[in-house]
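Down below is the structure, laid out as C-alpha cells.
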Amino acid sequence: PQAEFAFLSACHTAVGDEEMPDEVIHLATGIQFSGFKNVVGTLWEVDDAVAKHVVEVFYEYMFGDLKNSRLCRGLYEGSL
C-alpha cells in the first residue's frame, strides 16, 4: 500500500508483446497499475554491464549532488 518507486533494469520491461500490438499493458504498466506511483522500465535489450552503469547513474542522479556528480555531469550540462 505504500509502494512509491520501482526500477526494472531487465531487458524490454516497458515493451509490449509483438504478437499483440494493440495491447498496451506491459510489465512496467502492470506494476504501476498494482500500486507503484513511479516505475522505470527499459525499451531495449541491455547488457548486464551497461545496465549496472545505467542504474548507478540513475541513482546518483536521483539521490546525489547533480552539479558535482562525476557520472552525471554530462547529463546535467546537456539538460541546460
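A short reminder: the numbers here are calculations on the coordinates, not readings from a lab. What you see is a predicted model, and the numbers here were worked out from it, not measured in a lab. Here Cβ is always computed from backbone atoms with ideal geometry, including for glycine, and neighbour counts include all displayed protein chains.
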In order through the stretch 49-57: 3J(HN,Hα) via Karplus (6.51 cos²θ - 1.76 cosθ + 1.60), integer Hz, x for Gly, Pro: 5, 5, 4, 4, 5, 4, 5, 4, 5
Residue (of 2, 24, 12) at the positive-pole extreme of the stretch 1-56, dipole from beta-carbon charges: 2
Amide H contacts of residue 6 (H built 1.01 Å from N, under 5 Å, at least 5 apart or other chain): 38, 39, 40
